[in-house]
Amino acid sequence: VSSRGCHKIRGSQIRELLDSKLNVLFDCDGVIWNGETVVAGAPEVVTLLKQQGKKVFFITNNCTRPRASYVTKFIRLGFTDVAEEEIFSSAYCSAAYLRDVAKLQGKVYVIGCQGVVKELREAGVPIVEEDTNAPTGTIYDYPLDPEVKAVLVGYDEKFDFIKLAKACCYLQNTECLFLATDPDPWHPLRGGRITPGSGSLTAAVETASSRKATVIGKPSCFMFECIASQFNLDPGQSLMVGDRLETDILFGANCGLDTMLTLTGVSTLEEAHGYKDSDDPERKDFVPDYVVETIADFIEAYEE
Ligand code: PLP
Ligand code: CA
């Protein structure tokens, strides 16, 4: 087992690392942008890497948008050369999993948002259509659909008790699949606030159903397998760049990728060193190989 270094690198060291890779995988929030604010220099970095002949991919646990809407966001934030095929979200990959891996014969009960619903529709995966005008009912009389064969939990700002109750009723059937778009506990908002992530909703469903969800998003390897199956990627030739140690860096470690922490998002260098100095061997997978202040540091690497 190679010990992960947590090496702070810049200039020619970044250049050397990038020269040794064919593929660069970027997490989005905290790396490419923060909410609706682009990370300064990120559009130039993407263009530069593509000019160097790299394949560039974007992998996000954010399931709130369908792929097409990410394309619009990239353009709005000043990116000129990002294609829909390069964007892998936990919503897109959840739909791919249900269609291609689970080969679901039946409907999905979704706790989630438009991003998830649109990707499932696009993939031709049937979902339970809820009549939003109908009274939600009580725990004794809400309708249950006998064709449901999977429950998928994602980010849902309209999560409520009845949804939780329905999900755990469906999950009483042990043949009913239980999937989660991502395990993220919370996300930073503007002004120092945070919002609960899908992981917190999944935890409620797990407790109520006494079952464990299969996670599709990072740190699970399925997102890498999804990209690799379409673009034939070699893990050894790929670098994962992320801002959260417990999802992005662990994802890279799980998939056999070199990993880089960028300090424009959630995790700090102190946290990375904390994991490195820890005696718990499981925590070593949270330690990045490399650290940069920002991906904008890639620009000067190519100027030297
Ligand atoms: N899910 C939601 C709802 C979010 O708002 C965010 C970040 O803003 C994420 C997931 C994490 O996205 P990423 O994996 O791009 O950091
Ligand atoms: Ca992130």
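Tallying residues that are out of contact with any helix residue (DSSP H, G or I) (no Cβ under 6 Å at 6 or more places or on another chain), closer than 18 Å to GLN230 by Cα and within 16 Å of ligand 2 (Cβ to nearest atom) within the range 21-57 yields 2.
Applying the criterion of being more than 16 Å from ligand 2 (Cβ to nearest atom), among the small types (Gly, Ala, Ser) and touching a residue at least 40 places away in the same chain (Cβ under 8 Å) to the residues of the range 263-304, the residue that is nearest to SER12 (Cα to Cα) is ALA301. For SER238, the requirement of being in contact with a Leu (Cβ under 7 Å, 6 or more places away or on another chain) and more than 16 Å from ligand 2 (Cβ to nearest atom) is met. Selection of the range 154-183 for residues being among the acidic types (Asp, Glu) and open to solvent by less than 10 Å² (accessible area, probe 1.4 Å) yields only ASP182.
Here is a list: ALA42, ALA96, ALA83. Which entry is of a type in the set (A, V, I, L, M, F, W, C), away from ligand 1 (no atom under 15 Å from the Cβ) and in contact (Cβ under 8 Å) with a residue 40 or more places away in the chain? Explain how you work it out, then say what you get.
Details: ALA42 fails: away from ligand 1 (no atom under 15 Å from the Cβ); ALA83 fails: in contact (Cβ under 8 Å) with a residue 40 or more places away in the chain.
Exactly one residue qualifies, and that residue is ALA96.
The residues listed here are ILE59, ILE9; of these, the one that is closer than 17 Å to LEU261 by Cβ, away from ligand 1 (no atom under 16 Å from the Cβ) and in contact (Cβ under 8 Å) with a residue 40 or more places away in the chain is ILE9.
For first residues located in the range 146-161 and farther than 12 Å from GLY197 by Cβ and at pLDDT 95 or above, partners that are assigned to a strand (DSSP E or B) and open to solvent by 10 Å² or more (accessible area, probe 1.4 Å) and lie 6+ apart or on another chain with Cβ distances below 6 Å form the pairs GLU147/LYS107; VAL148/LYS107; ALA150/LEU177; LEU152/VAL110.
Table: residues versus (1) out of contact with any helix residue (DSSP H, G or I) (no Cβ under 8 Å at 6 or more places or on another chain); (2) over 24 Å from ALA96 (Cβ atoms); (3) among the β-branched types (Val, Ile, Thr).
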position	(1), (2), (3)
ASP243	yes, yes, no
ASP248	yes, no, no
ASN254	no, no, no
LEU261	no, yes, no
ALA272	no, yes, no
TYR275	no, yes, no
ASP279	yes, yes, no
ALA296	no, yes, no
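The values are calculated or read from the model by the stated rules, or taken from the named source; none is laboratory data. Quick caveat: nothing in here was measured; it's all calculated off a predicted structure. With ideal geometry, Cβ positions are generated from the backbone for all residues, glycine too; neighbour counts draw on all protein chains shown. Side chains are part of the model used for accessible areas, which takes the heavy atoms of the whole protein and leaves out ligands, DNA and RNA. Shrake-Rupley method; radii C 1.70, N 1.55, O 1.52, S 1.80 Å.
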